[in-house]
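Read through the structure below, which is laid out as structure tokens, and then see the notes.
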Amino acid sequence: MPPDQLPAGRQRLIWRAERAFGLKDTIASKRPRAAALQPALKDVDTAPDAPAARVDDLALRGAAPPLFADAQYIDTSAAPDALSESPFDSPVLSTAQKRIQLDVMNDTEVRDCQKCGLSRTRTNTVFGEGDVDAGVFFIGEGPGETEDQTGRPFVGRAGQLLDKMIAGMGLRRDQVFIGNIVKCRPPENRVPAPDEVDTCTPYLVRQLEIIRPKVIVTLGLPSAKYMLKTRSSMGQLRGRWHDWRGIRLMPTFHPAYLLRAYTPENRRAVWDDLKKVMSVLGLADAPRQ
Ligand code: SF4
């Protein structure tokens, strides 16, 4: 069927994929007709340059009501289930409460952390950033050189591609949360050692417990292996749903790998993974899974 005769939702998905991944060799390269785009516009910011749908309108935020009338810090570092594999049984936090918990964790524990050897070679810790009410939490392996210099996750070339992937989902970077398995750059960008991962990941687990995303997307094999406690290959893991303490988890390729192997097959694989995520998040136009 010619692209311009496809259903409007399908046309929008194709257009997103092209903008995000340049899949022009496999799908239509034509921007959808204005009429085809119209149904989606009720869901997005009406500002002419608004790049993505609003989270509120897309029902991405968690539905749980705030449990705390006043924002105050609660020490979760000693929570007995902090490292267990059990589903969450700690309270759901309000947006203000989440921000405070995360800020305090960063200010008092992570920023000057010296718990493992990576502290000796780093410039800055990279705590992670994004919407504390994000429906999706992206987890990479560890900071690279640019991230080490800036203290921000995924801001180098791989980060720019991740931004495109996020935009392809109809979101902005500040509508998701982005973090890493370890918060300090491993020298020469090597894979973090098991003891470094074991020492650092309690921070990540606490971030996940505070934010409680609807979906986790692991970027690359090391983060998938850690979260799923598996030795499987990326080929075996990606493209299907896994479970992390009751949260749906989708492994996909790391953007840095995609930059090295920028083939239509790999780009299509990532886009297929992200479409599954979009479906669970209830994002407009995502096909049913
Ligand atoms: S990698 Fe993690 S545990 Fe190690 S020093 Fe950095 S913040 Fe601390």
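The values are calculated or read from the model by the stated rules, or taken from the named source; none is laboratory data. From a predicted model like this one, the values you see are computed outputs, not experimental measurements. Neighbour counts are summed over all protein chains in view; Cβ atoms, including those assigned to glycine, are modelled from backbone coordinates with ideal geometry.
Some observations on this one:
- Here is the figure for segment 212-226: residues that are in contact (Cβ under 8 Å) with a residue 40 or more places away in the chain, assigned to a helix (DSSP H, G or I) and crowded, with 23+ Cβ neighbours inside 10 Å total 1.
- Test set (1) more than 15 Å from the ligand (Cβ to nearest atom); (2) under 27 Å from THR95 (Cα atoms); (3) surrounded by fewer than 24 Cβ atoms within 10 Å (Cβ to Cβ) - ARG231 fails condition number: (2)
- Of all residues in segment 139-188, those that are in a helix (DSSP H, G or I), more than 16 Å from the ligand (Cβ to nearest atom) and among the β-branched types (Val, Ile, Thr) total 2.
- The listed residue being in the same structural domain as ARG152 (by TED's automatic domain parsing), acidic (Asp, Glu), more than 8 Å from the ligand (Cβ to nearest atom) and in contact with an Asp or Glu (Cβ under 7 Å, 6 or more places away or on another chain), out of ASP131, ASP112, ASP107: ASP131
- Scanning segment 247-265 for residues that are outside any loop (DSSP other than H, G, I, E, B) and buried (at least 17 other Cβ atoms within 10 Å of the Cβ) returns ILE247, ARG248, LEU249, MET250, PRO251, THR252, PRO255, ALA256, TYR257, LEU258.
- Residue list for segment 219-276, restricted to those being of a type in the set (S, T, N, Q) and either more than 16 Å from the chain's Cα centre (by Cα) or not assigned by TED's automatic domain parsing to the domain that holds CYS200 (or both): THR230, SER232, SER233, GLN236, THR263, ASN266
- Residue within segment 84-93 that is in a helix (DSSP H, G or I) and assigned by TED's automatic domain parsing to the domain that holds ARG206 present: no
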